[in-house]
2 protein chains.
Amino acid sequence: MLITNSELLAMDRRYRGNLINALQGYKPANLIGSISAKGQSNVALFSSVVHIGANPPLIGFIQRPVTTERHTWENIQETGYYTINQVNKNIYRQAHQTSARYNRKDSEFTACGLTEEYLHQFKAPFVKESLLKIGVKFIEACPITINNTFLVVGSIEMVEIPDTWLLPDGDIDMDAADLVSVSGLYTYHKASKLEKLPYAKAK
Amino acid sequence: MLITNSELLAMDRRYRGNLINALQGYKPANLIGSISAKGQSNVALFSSVVHIGANPPLIGFIQRPVTTERHTWENIQETGYYTINQVNKNIYRQAHQTSARYNRKDSEFTACGLTEEYLHQFKAPFVKESLLKIGVKFIEACPITINNTFLVVGSIEMVEIPDTWLLPDGDIDMDAADLVSVSGLYTYHKASKLEKLPYAKAK
């Protein structure tokens, strides 16, 4: 069926939100860990983490408009550092629970049953239950003027990964990693490999 | 194991590319269709499509630096329109093949075994073999200054989706859709639903 832009705009707000969030298919599920200058930690689920570049190693995510308290973003501005932690099958329920609205003084780590962990003197908390963790330094916020969101870009300062997940070519063995993906706003999926294809060349 | 930023920078280029591209987990697999002002069509695989907002409905993707020919981006600048088409299990090999470097005069549609399709007077080609298709109007290109990439943001002008995939709440039945996700640069995965969770509320 065809759904036009006017039909999208006329939809019930929640219905439209569910549909638009589901359109691009399977999204990565990542927990972003951060801490305020006063030492209040925070962890929040994002499904908008995106590859920005490999040399130098950069990673981004979309930050919603700052019209209300945005603890992750406030912390990043205060300290300049954050962590991106992959959600696996054992913690997707806890990860989802971090999307609830908690007070500034409550750490989602404690409230949602996740453990904050400090590694290698990095200045932001990692999620202990996640086994693939990235330490990120804030680089720039690129404004998206049409809806006051922005793309937050950071430099990959460190990666913590189990040795056995690393394949000889630098790729990650996703079946071993047991990560989940998310579709829409509420649905979590496990995946299994169909095929690893070769570098594509014109015939 | 710990991998530091200096170790990442010292890695072989291809090894680092594989690793950095795999870090965020499962990514959506989308084919972007476009056409030049002279009528030369193009289709290319992107794994960086990201949700920007639901009201108004917006979708984005990361465009690599324009240091070489970038057919998709040139076409978008010429016509202002493009399409985003979900990759399903039947076409992931053809979709991957579009990442090969073809000449400007060759359409990846023909070269890769995909069918271009024009629907509802929309000004860019859709991928016929994809069943979930989005018609997009270019809105803005947000520069990422650190590596000369940019986030291309567009307005969702129309959605073509099989009726039976739409759930009563506006969400999409991903198991029915049979879409694939991609990890790293070469690996395709099917997924199966673990659980749809409720809207998260603080306890």
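Please name which of A:181, A:73, A:56 has its Cα lying farthest along the dipole of segment A:26-186 towards the positive end, using unit charges on Cβ (Lys, Arg +1; Asp, Glu -1) and the Cα centre as origin.
The residue sitting most towards the positive pole is A:73.
How big is the charge dipole of the protein assembly as shown about its Cα centre, in debye rounded to the nearest 20, if each Lys and Arg gets +1 on its Cβ and each Asp and Glu gets -1 on its Cβ?
Computed about the Cα centre, the dipole is about 180 debye.
Give the lysines reachable from residue B:201 as a straight Cα distance under 16 Å; neighbours fewer than 8 places away on the same chain don't count.
none
Once the label point is set 7 Å along the Cα-to-beta-carbon vector, what list of distances in nm do you get between residue A:38 and its counterparts in the other copies?
Listed shortest first, these distances are 6.3 nm.
Dividing the convex hull volume of the Cα atoms of segment A:59-203 by its residue count, what figure in Å³ per residue is obtained?
171 Å³
With the contact rule set at Cα under 8 Å and sequence spacing of 6 or more, what percent relative contact order holds for chain A?
Reported relative contact order: 23 percent.
Could you work out, residue by residue across B:153-166, how many beta carbons of other chains sit within 10 Å of that residue's beta carbon, and then give the average as an integer?
4
Quote the convex hull volume per residue of the protein assembly as shown, based on C-alpha atoms, as a whole number of Å³.
Convex hull of Cα atoms, per residue: 128 Å³.
Taking the alpha-carbon distance from residue A:123 and a cut-off under 17 Å, which aspartates and glutamates remain once sequence neighbours fewer than 8 residues away in the same chain are dropped?
A:74, A:78, A:157, A:160
Defining the label point at 7 Å along Cα→Cβ, can you sort the distances from residue A:12 to the same site in each other copy, shortest first, in nm?
5.5
Sort out for me the Cα centre separation of segment A:139-185 from segment A:5-47, rounded to whole Å.
After rounding, the separation between the Cα centres reads 15 Å.
For residue A:195, go 7 angstrom from Cα along the Cα-to-Cβ vector, then report the distances to that same point in the other copies in nm, smallest first.
3.4
Any read-out appearing in this document is the output of simple, stated calculations on the displayed coordinates, not a laboratory observation. Just so you know, these numbers come straight off a predicted model, no measurement behind them. Using ideal geometry, Cβ is built from the backbone for each residue, glycine included, and neighbour counts are taken over all protein chains shown.
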